[in-house]
Amino acid sequence: MIFDKEVRQADTIAIAGHIRPDGDCVGACLGLYNYLQENYNSLFDKEIHLYMKDIPESFMFLKNSDKARWNFEEERQYDLFIVLDCSSADRLGEAEKYFSSAKRKICFDHHASNSGSFADEVVLKPDYSSTCEVLFEAMELEKISLPIAEALYLGIVHDTGVFKHTNTSEQTMCIAGKLLSKGVNSSKIIDGTFYEKSYIENQILGRCLMESMLVLDGKVILSWLTRRIMELYNVVPANLSGIIDQLRVTSGVEVAVFLYELEPQQFKVSMRSNGLVDVSKTAMFFGGGGHKKAAGYDAGGRLHDVINNLLAGLEHQLAEL
Ligand code: AMP
Ligand code: MN
Ligand code: MN
């Protein structure tokens, strides 16, 4: 493994990803957690801790998902902190506390917006589909057990939108094939974690589509959820995945935008592009990041101001085409 020596030397290791973890983040964190536990901790002489909260319920079948912790009261200094699928320290949420104090910091990521300098060593592959793909390359094939393969496969499935986004390369498919050879039940993961929705998730998806608006000459589609509506339907951010993807496939649209209110007047903005617009540029302008075709940021203020500011940015980008 790329950091074999570092892992061997460390007695205490922390692993964490970005806040509000998606499939790639959860898959990478649990894939690595299980890999280190199974291959580097036979005598259990190392303390390996995984920091993650709000893991979507459908991912909880992954081995050791119940070991994730989110408690930062103790003063701790880890020998090694490994950050996954996260492009800047502020995206670690409260885990940033232990990250900052750690003796050594390594990051595995695929976000083009990652500056490459927030850890001691950054393994950054912007042209890889997912952090799980980056991690797979760093692992030894014979040391990948079925639970590790399931986690990595789930991450690749989610960040590629089930192998349909243009980040899906020949290598991605080869890696997916190797993971399948470990015994991964592909349709269980794809249906059970990507397509299956609860009744309420379908309702909120339907509502967002019904209330969506075409703006900027039909080039941008926009939809949003306020706290009031989220409370009415009793949904949390993890219930909203997939809404942006459905907006994006509207014909004629270049960019899809979906916003929801995290806290009063605090919005999470997601953007997807069909290729012409680089949404990571817009996201970075507003303090966020991501990839050319999928990016996001958090924005404070009134909903209409957030939307107006964003549309001005997108209008500017569309005008340059
Ligand atoms: P999302 O819309 O949350 O699915 O995110 C799309 C892409 O943008 C993912 O690769 C995220 O990691 C990235 N992203 C979303 N929000 C932020 C943010 N606030 N800062 C940096 N990157 C983000
Ligand atoms: Mn992610
Ligand atoms: Mn990712």
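The values are calculated or read from the model by the stated rules, or taken from the named source; none is laboratory data. The structure presented is a predicted model; accordingly, all values stated were derived computationally and were not measured. Using ideal geometry, Cβ is built from the backbone for each residue, glycine included, and neighbour counts are taken over all protein chains shown.
State yes or no: is Q246 more than 17 Å from the chain's Cα centre (by Cα), farther than 29 Å from Y195 by Cβ and away from ligand 2 (no atom under 16 Å from the Cβ)? Judged against the criteria, Q246 is not a match. Mind listing just one residue for me: the one in region 1-36 that is in a helix (DSSP H, G or I) and out of contact with any helix residue (DSSP H, G or I) (no Cβ under 9 Å at 6 or more places or on another chain) and, of those, nearest to ligand 3 (Cβ to nearest atom)? Here the residue is E6. For A149, state whether it is under 29 Å from E6 (Cα atoms) and touching a Leu at 6+ places or on another chain (Cβ under 8 Å). In short, yes. Taking first residues from region 84-96 that are assigned by TED's automatic domain parsing to the domain that holds A151 and within 19 Å of F72 (Cα to Cα) and partners that are at pLDDT below 95 and within 15 Å of ligand 2 (Cβ to nearest atom), no Cβ contact under 6 Å between residues at least 6 apart in sequence or on separate chains turns up. Within region 99-117, the set of residues being over 17 Å from F3 (Cα atoms), more than 14 Å from ligand 2 (Cβ to nearest atom) and in contact with a helix residue (DSSP H, G or I) (Cβ under 9 Å, 6 or more places away or on another chain) comprises F99, S100.
This table checks each residue for (1) polar (S, T, N, Q); (2) in contact with a strand residue (DSSP E or B) (Cβ under 7 Å, 6 or more places away or on another chain); (3) within 24 Å of D127 (Cα to Cα); (4) within 13 Å of ligand 2 (Cβ to nearest atom).
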site	(1), (2), (3), (4)
A10	no, yes, no, no
A14	no, yes, no, no
G17	no, yes, yes, yes
G23	no, no, yes, yes
C29	no, yes, yes, yes
N39	yes, no, no, no
S42	yes, no, no, no
F59	no, no, no, yes
F72	no, no, no, no
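Residues checked against (1) assigned to a loop (DSSP other than H, G, I, E, B); (2) at pLDDT below 95:
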position	(1), (2)
F108	no, no
S113	yes, yes
F118	yes, yes
V122	no, no
Y128	yes, no
L152	no, no
G155	no, no
F163	yes, no
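The conditions of being crowded, with 18+ Cβ neighbours inside 10 Å, within 16 Å of ligand 1 (Cβ to nearest atom) and of a type in the set (G, A, S) are met by A16.
Of the residues S273, S241, S251, which is modelled with pLDDT of 95 or more and crowded, with 16+ Cβ neighbours inside 10 Å?
Residue meeting the stated conditions: S273.
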